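Q: Input: one structure, supplied below.
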Amino acid sequence: MIILEAVYHRIGLNWSYAYNESTVHIRLRTKRGNVAQVQLVCGDKYNWDKYNESMAMEQFAADGLFDYWQAAVSPRFQRVVYYFALYEEAGETVYFLEKGFFDAPPKILYEGLFDFPYLNPKDVHTPPEWVKEAVFYQIFPERFAKGDPSLDPEGALEWGGEPSPTHFFGGDLQGVLDHLDHLVELGINAVYFNPLFAATTNHKYDTSDYMFVDPQFGTNEKLKELVNACHARGIRVLLDGVFNHCGHLFPPFLDVQQNGPASRYANWFHIKEWPLKVENGTPSYATFGFEPIMPKLNTGNEEVKAYLLEVGRYWISELGLDGWRLDVANEVDHAFWREFRREIKKANPDAYLLGEIMHDAMLWLQGDQFDAVMNYPFTNIVLDFFARRHIDATRFAQSINTQLASFPQQVTEAAFNLLDSHDTVRLLTLCGGNKRLMQLAVIFQLTFQGAPCIYYGDEIGLDGEHDPYNRKCMEWDPAKQDRELLAFFRHLIALRKAQPALRGSGLRFLTIPGLPQLLVYERYDERDRFLLLLNNDESACTVAVRSSGLNGLWQDVGSDAAIGIAESTIEVALPGFGYAILQASPDHLTKAIQLTVS
């Protein structure tokens, strides 16, 4: 019996959307294991008799509760109406229309069907194509490299000393310029900088002047030199835009402090009570969190809006900037972000707009605001399995599938996939200092769709708990770097960049009875197929992979396992926290391969 309560579809969001200017993706949810097959029956609402078709939907994901089905439709006249035919193994068939469930197909085909009215090109969410190929590197400017000691702030400590929330070490833009070859050798082609504009703190999230680089880092001209040098090396550049709040030395806020309600800038902020004060840790004005030095800007005010839009446009145009990472984006009104997108895309249609949102971000990802968000749900799933080891491989696969089903495909393709940052414990520390465990998490990150981001220093073994220890100075002495780990990062990044299948949407998890911490998955496209086995357990294990249609033509492209390849069986002996990455022979069609693992 088909469980109708579990069946779900609606027009829009992640269920029915334009993937590109000629293709509509249509999805359906059913109870897991309850429906054997789904047919999508679709056609033109103005001439169904002449233009209609029925196509089998693909089950593209499954989690603990549901199966998710998808079909790609290319409507000849840019519009499509449709319904679903659900088939159960025992023979029951249910027809699902917008107006409900029925035991027979509809007779009146213009009434009650799901209706995608028109595929308007302007409605298609199109993140920049370059992001699909990007491997990001996050730089915390104060701690990455010192290139010009004359810029050191007063009291700056010796490089590499013990950090604190208030210490300065003198990192600057010249230091980044001096070490761009490190990024190139690592394989990086996009950089995200934490804030560079004038501020009082070492993290610079308390902006005092949005139009000038902080003197500690250099000058506007030096930033332009850096961006040009990055572009010459094929590296895109994102700056951090802090538009939710400013710093306490931002001139309009200083004016409010001095003149109170009479200030012409009084409505630039959210003042709850005059005079401005802080009582029991709570300011009388809205701030980021309860931080008095970070007053919240009123982006509903036309002057504030005009000012911030000009800031966004200026740096995109002045530097040839490739995009903005937008801080605390979920606390700014949607109307502002819609205008911000319009203005930035006018200045650079290829700019990447990345919002900092740590929860379900679908409301910001409909093509009218951000191209992507920092993918913290992905981060938490990966860390829960590899680092914290709170879940097993089955739960991990189900959680990834739930996320894949929750967003349109182009959103997933442009997602910013990070494992740590200046706001979190470093990955190596989360893994208890276990480098092999860390490598497993990085392998999944670098063989998943979306844009991976590496936090500076992870590649050479930097560790650290929460702030300030996750913001240590970068180690530039090769003798103190983990060169083996660096070689691992270089190899995996190069493999990802060389193989489109490792960046695309083709993904299938294989379950292994009796080995709950062994993650096995395939990555594939029309040309290539990869098999990855990640042993997230300290105990060694041996796995037999049987492949029909390949005659054993596989090659090891990056493993620390012992691999034996016979006619139709691959024996993989994985050490504790070991991995194997296998590539099928390109001489064989992907669809001819059937894999079973035991």
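Q: In terms of the ratio Rg/(2.2 N^0.38 Å) built on C-alpha atoms, what value belongs to segment 301-372?
A: Cα Rg divided by the expected 2.2 N^0.38 Å: 1.03.
Q: Can you tell me which of 103-111, 286-294 comes out highest on packing, and rank the rest after it, using the mean Cβ neighbours within 10 Å? Write down the numbers at each step before the final one.
A: Numbers: 103-111: 10.6, 286-294: 17.1.
Answer by packing, highest mean first, reads 286-294, 103-111.
Q: Per residue, how big is the convex hull around the C-alpha atoms of the chain? Give it to me in cubic angstrom, could you? Provide the component values of the computation, followed by the final result.
A: Working: hull volume 108.0 nm³, N = 598.
Hull volume normalised by residue count: 181 Å³.
Q: Sorting check: for 308-318, 434-444, 341-351, which peptide has the highest mean count of neighbouring beta carbons within 10 Å, and how do the rest follow? Don't jump to the answer; show the numbers that get you there.
A: Details: 308-318: 17.9, 434-444: 20.6, 341-351: 15.4.
The most tightly packed comes first, giving 434-444, 308-318, 341-351.
Q: At q = 0.25, 0.26, 0.28 Å⁻¹, what base-10 log of I(q)/I(0) does the Debye formula yield for segment 341-397 when every alpha carbon is treated as an equal point scatterer in vacuo?
A: Result of the Debye calculation: -0.93, -0.97, -1.04.
Q: Turning to a different aspect of this structure: If you scale each eigenvalue of the Cα gyration tensor by 5 and take the root, what three semi-axes come out for segment 436-523, rounded to whole angstrom and sorted largest first?
A: Details: eigenvalues 156, 53, 31 Å².
After diagonalising the Cα gyration tensor, the semi-axes are 28, 16, 12 Å.
Q: Of the listed peptides 254-266, 353-365, 40-52, what is their order by residue-averaged count of other C-beta atoms within 10 Å, with the highest listed first? Intermediate values should be presented prior to the final figure.
A: Values: 254-266: 14.5, 353-365: 19.7, 40-52: 16.1.
Order by mean packing, descending: 353-365, 40-52, 254-266.
Q: As an exercise, take the mean of 1/r over every pair of distinct alpha carbons in segment 222-325, invert it, and state the Kirkwood radius in angstroms. Don't skip to the answer; put the middle values down first.
A: On the way: mean 1/r = 0.0651 Å⁻¹.
Kirkwood hydrodynamic radius for segment 222-325: 15.4 Å.
Q: Here are some pairs, LYS435/LYS497; LYS472/LYS497; LYS272/LYS296; which of them have Cα atoms lying more than 18 Å apart in this structure? Numbers along the way, then the final one.
A: Values: LYS435/LYS497 23 Å; LYS472/LYS497 29 Å; LYS272/LYS296 12 Å.
Distance filter (> 18 Å) returns LYS435/LYS497; LYS472/LYS497.
Q: Moving on. For segment 272-313, what ratio Rg/Rh do Cα atoms give with a Kirkwood hydrodynamic radius?
A: On the way: Rg = 12.6 Å, Rh = 11.5 Å.
Computed over Cα atoms, the ratio is 1.09.
Q: For the chain, what is the mean residue ellipticity at 222 nm derived from helices alone (per DSSP H run of n ≥ 4: -39500 (n - 2.57); sum divided by total residues; nearest 500 deg cm²/dmol)? Show your work: numbers first, answer last.
A: Values: 13 runs with 129 residues, N = 598.
That calculation yields -6500 deg cm²/dmol at 222 nm.
Q: How far apart, in nm, are two points set 7 Å out from the Cα along the Cα-to-Cβ line at SER559 and at ASN220?
A: 5.7 nm
Q: Still on this structure: What translational D, rounded to a whole number of µm²/s, comes out for segment 245-298 from Stokes-Einstein when the hydrodynamic radius is the Kirkwood one over Cα pairs, at 4 °C and 1.567 mPa s? Please list the in-between numbers first.
A: Values: Rh = 10.7 Å.
The estimated diffusion coefficient comes to 121 µm²/s.
Q: Let me know the volume per residue of the alpha-carbon convex hull for segment 1-155, in Å³.
A: Numbers: hull volume 29.5 nm³, N = 155.
Spread over its residues, the Cα hull of segment 1-155 gives 190 Å³ apiece.
Q: Then there is this: Under Stokes-Einstein, with the Kirkwood radius over Cα pairs standing in for Rh, what whole-number D in µm²/s applies to segment 504-571 at 20 °C and 1.002 mPa s? Display every interim value, and only then the final one.
A: Numbers: Rh = 13.1 Å.
This corresponds to a translational diffusion coefficient of 163 µm²/s.
Q: Oh, and also: Run the dipole for segment 352-482 about the Cα centre, Lys and Arg Cβ at +1, Asp and Glu Cβ at -1, nothing else charged, and hand back the magnitude in debye, nearest 20.
A: Details: 9 positive and 17 negative charges, 90 e Å.
Charge dipole, segment 352-482, about its Cα centre: 440 debye, nearest 20.
Q: I've got another one for you. Put +1 on the Cβ of each Lys and Arg and -1 on the Cβ of each Asp and Glu in the chain; which of VAL24, VAL213, SER399 then has its Cα farthest toward the positive end of the dipole?
A: Comparing the listed Cα positions along the dipole, VAL24 ranks first.
Q: Quick one: if the Förster radius is 56 Å, what FRET efficiency do HIS491 and ASN259 give, using the C-beta to C-beta distance and rounding to 0.05?
A: Values: r = 60 Å, r/R0 = 1.07.
With R0 = 56 Å, the Cβ-Cβ based efficiency is 0.40.
Q: If N is the number of residues in segment 368-423, what value comes out of its Cα radius of gyration divided by 2.2 N^0.38 Å?
A: Working: Rg = 12.1 Å, N = 56, 2.2 N^0.38 = 10.2 Å.
This ratio for segment 368-423 stands at 1.19.
Q: Could you give each residue of segment 177-190 its phi-based ³J(HN,Hα) in whole Hz, using Karplus coefficients 6.51, -1.76, 1.60 with θ = phi - 60°, and x for Gly or Pro?
A: Working through the residues one at a time gives 4, 5, 10, 5, 4, 4, 5, 4, 5, 6, x, 6, 10, 7 Hz.
Q: By how many nm would the segment from ARG546 to ASP477 grow when fully extended, if each residue of separation counts as 0.36 nm and the alpha-carbon distance is taken off? Write out the running numbers ahead of the final one.
A: Working: separation 69, 0.36 × 69 = 24.84 nm, distance 4.63 nm.
Contour length minus the Cα-Cα distance gives 20.2 nm.
Only the coordinates and a few stated rules stand behind these numbers; no lab work does. Everything quoted here is computed from the prediction, not taken from an experiment. Virtual Cβ from ideal backbone geometry, glycine too; neighbours counted across all protein chains shown.
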